[in-house]
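Asker: For reference, the structure I am asking about is given below.
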Amino acid sequence: MADEVQTLTRAFSGLGGLGVDEQTMVTALAKWRKQPEKRSGFRKSFPGLFKDHGVIEKVEDDYILHLTAEFSRFKNLMVLWAMHPWERDARLAHHVLHQAHPAAIVVEIACTRSAEELLGARKAYMALFHHSLEEDVAYGAKDKPYCSLLVGLVSAYRYEGPKVSSDTAKAEAKALGAAVKSAGAAGTKLVENDEVVRILSTRSKPHLVETFKHYKELHGKHILEDLASEETLGETVQCLATPEVYFSQVMEAALRDGADSHGKEALSRVAVTRSDVDMDGIRAAYQEQFGTKLEDAVAGKAHGQFKDALISLIAGK
């Protein structure tokens with residue numbers, strides 16, 4: 001009996017992981033039928049979920065909320081997966097603007113979708129919420145230094161062809177360098193620089209890759225090194241130029257011990273939105289940076305149907 005109780009306790013606790021082990025729970029329903037002493041032993045052995053309350057072991061309210069969240073992970077992932085991509089992006093953006101989710105999600109949507117996909121998300125947003133995405137971003141971020149950048153990013157309709165003017169890219173690399181130097185000298189936010197906002201919110205992705213290459217040649221380091229203190233700008237540059245690296249880092253952060261609720265939600269978001277796009281590149285970037293396979297890292301942290309769904313989306317297994 002002790003082993004069975006321990007197994008069920010692990011299933012409920014998730015050992016700090018993500019999701020729950022549904023199969024173990026279902027098995028206990030059958031095996032422990034008409035054996036109330038086993039359930040009593042389970043309650044006594046799990047102080048994180050139950051606390052002695054006189055004549056009963058009372059379930060802890062905080063853990064009910066935690067367990068509800070873990071049970072919902074698989075459901076939420078499947079709902080995201082089933083949605084039209086435009087609706088999915090519109091709802092993700094709406095959550096950012098109305099439920100205190102990280103602004104990085106808006107950056108992801110604006111910078112890693114094609115021009116038509118971003119336009120579609122904007123159309124879906126207006127149909128669903130009777131406001132434009134641009135006006136809600138402008139209002140929701142009106143007191144933030146990155147407001148103009150976010151509005152520019154979500155309003156963009158970028159050229160997607162291969163042609164790049166090397167001379168223009170080099171000139172804009174110099175302009176970015178001058179902006180970095182000016183902001184450092186004045187103690188101002190680089191994200192509020194109009195020229196920086198213009199370049200990042202209007203230029204094509206191939207053009208920006210060329211610009212960042214010239215920046216490194218001119219200044220001896222990658223532009224991200226000069227953006228270390230400007231999180232939103234750094235996320236923007238990564239999403240535009242190296243999205244696979246960016247998303248691999250988001251996944252790694254989500255799998256860390258102590259990741260917050262927003263971080264954990266990123267697992268489902270990235271797995272669903274990138275599975276058909278660049279997941280192979282994200283897996284390669286993850287292994288190169290962190291020395292292990294992404295699917296193995298997920299298998300070590302997630303549980304039950306949530307784990308199986310994630311691995312299916314990540315590795316096609």
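The values are calculated or read from the model by the stated rules, or taken from the named source; none is laboratory data. Every value quoted in this text rests on a predicted model; they were computed, and no experiment measured them. Neighbour counts run over all protein chains shown; Cβ positions are idealised from the backbone, glycine included. Note: areas computed on protein heavy atoms with side chains; ligands, DNA, RNA excluded. Shrake-Rupley method; radii C 1.70, N 1.55, O 1.52, S 1.80 Å.
Asker: Based on what the data block shows, is residue 142 among the basic types (Lys, Arg) and not in a helix (DSSP H, G or I)?
Answerer: yes
Asker: Sort out which residues of region 82-111 are farther than 16 Å from residue 272 by Cβ, over 12 Å from the mean Cα position of the chain (by Cα) and in contact (Cβ under 8 Å) with a residue 12 or more places away in the chain, and write them in order of number.
Answerer: Result: 94, 97, 98, 110, 111.
Asker: Name the pairs whose Cβ atoms lie under 6 Å apart, with the first residue in region 275-301 and in contact (Cβ under 8 Å) with a residue 60 or more places away in the chain, the second crowded, with 20+ Cβ neighbours inside 10 Å, and 6 or more positions between them or separate chains?
Answerer: Taking only residues 6 or more apart or on different chains, the pairs are 301/17; 301/18; 301/255.
Asker: So, one more: So, restricting to helices (runs of 4 or more DSSP H) that lie completely within region 189-230, which ones have at least 3 residues that are open to solvent by less than 40 Å² (accessible area, probe 1.4 Å) and in contact with a helix residue (DSSP H, G or I) (Cβ under 8 Å, 6 or more places away or on another chain)?
Answerer: By residue number, 194-202, 205-219.
Asker: Specify which of the listed residues (244, 252, 225) is among the charged types (D, E, K, R), under 26 Å from residue 147 (Cα atoms) and touching a residue at least 24 places away in the same chain (Cβ under 8 Å).
Answerer: Of 244, 252, 225, the one residue that is among the charged types (D, E, K, R), under 26 Å from residue 147 (Cα atoms) and touching a residue at least 24 places away in the same chain (Cβ under 8 Å) is 244.
Asker: Here's another thing I want to ask about it. Filter region 17-48 down to the residues that are free of Cβ contacts under 8 Å to residues at least 60 places away in the same chain, touching a helix residue (DSSP H, G or I) at 6+ places or on another chain (Cβ under 7 Å) and closer than 24 Å to residue 73 by Cα and list them by number.
Answerer: Result: 24, 25, 28, 46, 48.
Asker: Given the conditions (1) among the basic types (Lys, Arg); (2) at pLDDT 95 or above; (3) under 21 Å from residue 19 (Cα atoms), which single one is not true for residue 283?
Answerer: With respect to (1) among the basic types (Lys, Arg); (2) at pLDDT 95 or above; (3) under 21 Å from residue 19 (Cα atoms), residue 283 is out only on (3).
Asker: Can you name the residue in region 156-165 that is among the hydroxyl-bearing types (Ser, Thr, Tyr) and under 15 Å from residue 199 (Cβ atoms) and, of all such residues, is surrounded by the fewest Cβ atoms within 10 Å (Cβ to Cβ)?
Answerer: 165
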